[in-house]
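Take a look at the structure below.
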């Protein structure tokens with residue numbers, strides 16, 4: 001049975017969230033923005049109209065989300081009083097408390113995702129590290145983990161590129177994960193993932209350490225302006241391999257985009273290489289590759305902003321993007337995130353896509369520092 005202190009905490013957190021989210025202000029803004037959609041010429045500019053509808057729906061979700069939390073908190077308070085009068089059971093109060101707490105935590109977590117790019121779809125690329133078959137098998141395990149996470153959370157997951165390993169596993173893959181706040185949640189996965197286990201590929205049964213890198217970028221749409229110099233683009237085509245039927249192997253439907261990128265801030269140059277074998281249609285694959293290029297360039301601008309902010313906030317704990325972020329030690333039944341120190345013994349669950357606790361720990365610790 002919950003205590004009076006737990007009930008008070010739910011009420012206080014609900015009231016704090018109301019102030020922090022400025023729900024009254026959002027309601028006023030919603031009414032104003034909704035009125036704009038009723039203009040007779042509203043849909044004459046389709047692009048602007050879509051952006052306006054996105055703004056209205058976003059405000060509506062915050063208002064409805066908070067209303068749901070407020071309702072559950074009120075119902076919990078009523079149920080607590082009814083329990084004292086023996087009108088409801090202890091189990092009913094506890095069940096309502098669990099629902100109220102979950103709704104409250106979900107909204108608090110979503111409040112950590114306030115940046116423009118957080119609400120976008122995402123591109124997640126996995127590369128196996130040095131170590132041959134063992135590392136390639138690890139990369140495939142991570143690929144499965146993220147695909148299961150996407151499936152469990154109702155996201156659409158598309159494999160836009162896949163290069164299989166020589167004997168087992170994969171050398172690299174690119175996943176497009178589509179759904180609300182896909183990037184906001186999965187940006188916590190950006191970095192190097194370390195596996196320690198007794199290798200099934202080692203005849204002596206030795207304990208092996210493998211690495212795989214995960215790169216996460218927001219998948220931008222046409223509403224965001226990205227400067228791409230067409231003169232710096234070159235294309236190659238090749239025959240795709242793997243699933244897709246015989247036609248994939250006979251026709252050069254796979255595309256390879258090379259972009260000679262010049263950093264506008266440092267002047268440094270690098271080649272960005274993107275391969276796409278998602279469909280049998282070469283023009284469609286080119287379109288998908290260009291979309292990924294725009295996402296990469298957008299992400300580079302984000303990284304520059306983060307670096308500049310880090311200079312200003314040098315005294316704060318920073319997120320080291322690209323560093324070793326998490327260790328998966330199978331023999332010890334332990335998965336530990338080195339940034340937040342959150343860990344679990346449910347190794348099987350994690351590899352089956354249950355990574356929400358790691359995402360939550362990351363956002364609760366680092367989310368506020370990004371603003």
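The values are calculated or read from the model by the stated rules, or taken from the named source; none is laboratory data. Because the structure is predicted, anything quoted here is derived from the model rather than measured. Using ideal geometry, Cβ is built from the backbone for each residue, glycine included, and neighbour counts are taken over all protein chains shown.
Numbers below:
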{"quantity": "Inter-residue pairs, beta-carbon under 7 Å, first touching a residue at least 24 places away in the same chain (Cβ under 8 Å) and in segment 123-134, second in a loop (DSSP other than H, G, I, E, B), 6+ apart", "calculated": "128/169; 133/165; 133/167; 133/168; 133/169; 133/201; 134/199; 134/201"}
{"quantity": "Any hit, segment 23-35, residues being at pLDDT 90 or above, farther than 30 Å from residue 104 by Cβ and out of contact with any strand residue (DSSP E or B) (no Cβ under 9 Å at 6 or more places or on another chain)", "calculated": "yes"}
{"quantity": "Which numbered condition residue 230 misses (of (1) surrounded by fewer than 13 Cβ atoms within 10 Å (Cβ to Cβ); (2) in contact (Cβ under 8 Å) with a residue 12 or more places away in the chain; (3) farther than 28 Å from residue 366 by Cβ)", "calculated": "(2)"}
{"quantity": "Segment 290-304 residues that are under 13 Å from residue 261 (Cβ atoms), paired with ones that are part of a helix (DSSP H, G or I) and modelled with pLDDT under 90 (beta carbon under 8 Å, 6 or more apart)", "calculated": "298/117"}
{"quantity": "Restricting segment 261-273 to residues that are in contact (Cβ under 8 Å) with a residue 24 or more places away in the chain and within 16 Å of residue 291 (Cα to Cα), the residue that is farthest from the chain's Cα centre (by Cα)", "calculated": "261"}
{"quantity": "Tally of residues being in contact with a helix residue (DSSP H, G or I) (Cβ under 7 Å, 6 or more places away or on another chain) and modelled with pLDDT under 95 across segment 174-184", "calculated": "4"}
{"quantity": "Tabulated pairs, segment 150-171, first closer than 16 Å to residue 136 by Cβ, second at pLDDT 95 or above and loosely packed, with under 15 Cβ neighbours inside 10 Å, C-beta under 6 angstrom, 6+ apart or interchain", "calculated": "none"}
{"quantity": "Of residues in segment 36-47 being part of a helix (DSSP H, G or I) and touching a helix residue (DSSP H, G or I) at 6+ places or on another chain (Cβ under 9 Å), the one nearest to residue 116 (Cα to Cα)", "calculated": "36"}
{"quantity": "Options 212, 231: the member that is closer than 25 Å to residue 277 by Cα, modelled with pLDDT of 90 or more and assigned to a helix (DSSP H, G or I)", "calculated": "231"}
{"quantity": "Residue identified as assigned to a strand (DSSP E or B) and either free of Cβ contacts under 8 Å to residues at least 24 places away in the same chain or within 18 Å of the chain's Cα centre (by Cα) (or both) among 71, 174", "calculated": "174"}
{"quantity": "Extreme residue, modelled with the highest pLDDT, among residues of segment 243-256 that are assigned to a loop (DSSP other than H, G, I, E, B) and exposed (fewer than 13 other Cβ atoms within 10 Å of the Cβ)", "calculated": "252"}
{"quantity": "Qualifying residue in segment 131-139 (condition: surrounded by 17 or more Cβ atoms within 10 Å (Cβ to Cβ) and either in the same structural domain as residue 238 (by TED's automatic domain parsing) or in contact with a helix residue (DSSP H, G or I) (Cβ under 9 Å, 6 or more places away or on another chain) (or both))", "calculated": "yes"}
{"quantity": "Residue within segment 307-326 that is over 24 Å from residue 115 (Cα atoms), at pLDDT 90 or above and buried (at least 17 other Cβ atoms within 10 Å of the Cβ) present", "calculated": "yes"}
{"quantity": "Of the criteria (1) in contact with a helix residue (DSSP H, G or I) (Cβ under 9 Å, 6 or more places away or on another chain); (2) buried (at least 22 other Cβ atoms within 10 Å of the Cβ); (3) assigned to a helix (DSSP H, G or I), which one residue 148 fails", "calculated": "(2)"}
{"quantity": "Residue under evaluation residue 85, criteria (1) under 19 Å from residue 20 (Cβ atoms); (2) surrounded by fewer than 19 Cβ atoms within 10 Å (Cβ to Cβ); (3) free of Cβ contacts under 8 Å to residues at least 60 places away in the same chain, criterion not met", "calculated": "(1)"}
{"quantity": "Residues (surrounded by fewer than 21 Cβ atoms within 10 Å (Cβ to Cβ) and farther than 30 Å from residue 62 by Cα) located in segment 114-130", "calculated": "125, 127, 129, 130"}
{"quantity": "Criterion (out of contact with any helix residue (DSSP H, G or I) (no Cβ under 9 Å at 6 or more places or on another chain) and at pLDDT below 95) met by exactly one of 81, 90", "calculated": "81"}
